[in-house]
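Novice: Okay, handing you the structure first.
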Amino acid sequence: MKLSFHMPTKVIAEKECVRNNAEIFNIGKKAIIVTGKRSAKENGALDDVIWALRKNAVKYVIFDRVMSNPTVECVYEGAETAMEEEVDFVIAIGGGSPMDAAKAIALLAVSDIDKKDLFGGNIGNRALPMIHIPTTAGTGSEVTPYSILTNHEKQTKTSIGAPCLFPEYALLDVKYMKNLGVKTTVNTAVDSLSHSVEGMMSAKSNPMSDVIAREAIRLIAQEFESLESGNFTEECREKLLYASMLGGVVIS
């Protein structure tokens with residue numbers, strides 16, 4: 001059997017995991033919080049993070065200009081903010097877009113990479129440490145070393161990847177998804193399911209990734225009726241969030 005498995009992100013999944021693990025946010029003296037304009041403010045995630053930072057007397061700046069499918073221009077703007085504010089770690093709050101943007105910002109804040117060279121495959125292996133807090137259950141980006149960005153020059157979405165882009169921590173709390181809309185919940189669940197199915201079909205799959213993929217598929221399949229009806233209990237959302245994270249492990 002040939003097996004290679006590397007998963008350096010520490011995952012904590014529990015209710016109130018941000019406030020209950022506030023000491024995690026003491027990994028630096030100043031953070032940049034990368035998020036979108038609305039969701040993190042509405043679901044309570046941003047309030048919890050700010051509470052944890054203040055408890056540790058950690059300064060912070062908020063970069064909330066991440067759009068759906070973040071662009072190269074957006075992450076360079078975020079990196080410039082990070083450098084100007086002299087932050088030493090990154091907190092991502094949101095779905096795949098803020099998490100992907102946060103990884104690129106963490107990289108670019110400490111790396112001199114020209115825009116034309118960003119997708120050239122030679123981005124080094126240095127980035128600011130990161131804490132990721134997903135607020136949707138779909139991408140699994142909180143446990144992957146990849147960032148997908150919109151590349152207007154090539155008119156496509158392109159990924160960058162390096163071991164340094166693994167977040168230090170992934171904090172999973174289903175309460176941030178309590179009011180997530182039906183369409184978003186269903187679409188992200190299908191996205192999550194595809195990660196595990198495609199992972200098992202990949203030529204790079206191995207016995208360990210297949211075990212994780214099967215568990216993710218099993219959990220999502222248990223909630224097919226909920227996804228069809230649009231009625232989501234807390235237990236259902238917990239399963240979908242956990243399965244999404246497992247799908248990210250499969251990708252990695």
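The values are calculated or read from the model by the stated rules, or taken from the named source; none is laboratory data. Predicted, not measured: the structure shown is a model, and the values here were computed from it. In this analysis, Cβ positions are derived from the backbone assuming ideal geometry, glycine residues included, and neighbour counts consider all displayed protein chains.
Novice: With the requirement that a residue be under 15 Å from HIS195 (Cβ atoms) and in a loop (DSSP other than H, G, I, E, B), what does region 133-173 give you?
Specialist: Result: THR136, ALA137, GLY138, THR139, GLY140, THR144, PRO145.
Novice: Tell me which residues, restricted to region 213-252, are of a type in the set (Val, Ile, Thr) and surrounded by fewer than 22 Cβ atoms within 10 Å (Cβ to Cβ). Outline the logic, then answer.
Specialist: Of all residues in region 213-252, those of a type in the set (Val, Ile, Thr) come to 217, 220, 233, 249-251.
The answer is ILE217, THR233, ILE251.
Novice: Being modelled with pLDDT of 95 or more and out of contact with any Cys (no Cβ under 7 Å at 6 or more places or on another chain): is that true of VAL34 here? Talk me through it step by step, then tell me what you get.
Specialist: On the way: modelled with pLDDT of 95 or more: yes; out of contact with any Cys (no Cβ under 7 Å at 6 or more places or on another chain): yes.
Yes: the conditions hold for VAL34.
Novice: Taking region 1-41, which residues are closer than 22 Å to VAL58 by Cα, surrounded by fewer than 12 Cβ atoms within 10 Å (Cβ to Cβ) and in contact (Cβ under 8 Å) with a residue 60 or more places away in the chain?
Specialist: GLU16
Novice: Out of the residues in region 95-124 that are of a type in the set (S, T, N, Q) and touching a residue at least 12 places away in the same chain (Cβ under 8 Å), state the one that is surrounded by the fewest Cβ atoms within 10 Å (Cβ to Cβ).
Specialist: The residue in question is SER111.
Novice: Out of the residues in region 59-71 meeting the condition of being of a type in the set (A, V, I, L, M) and surrounded by fewer than 21 Cβ atoms within 10 Å (Cβ to Cβ), tell me which one is farthest from the chain's Cα centre (by Cα).
Specialist: Only one residue tops the list, namely VAL61.
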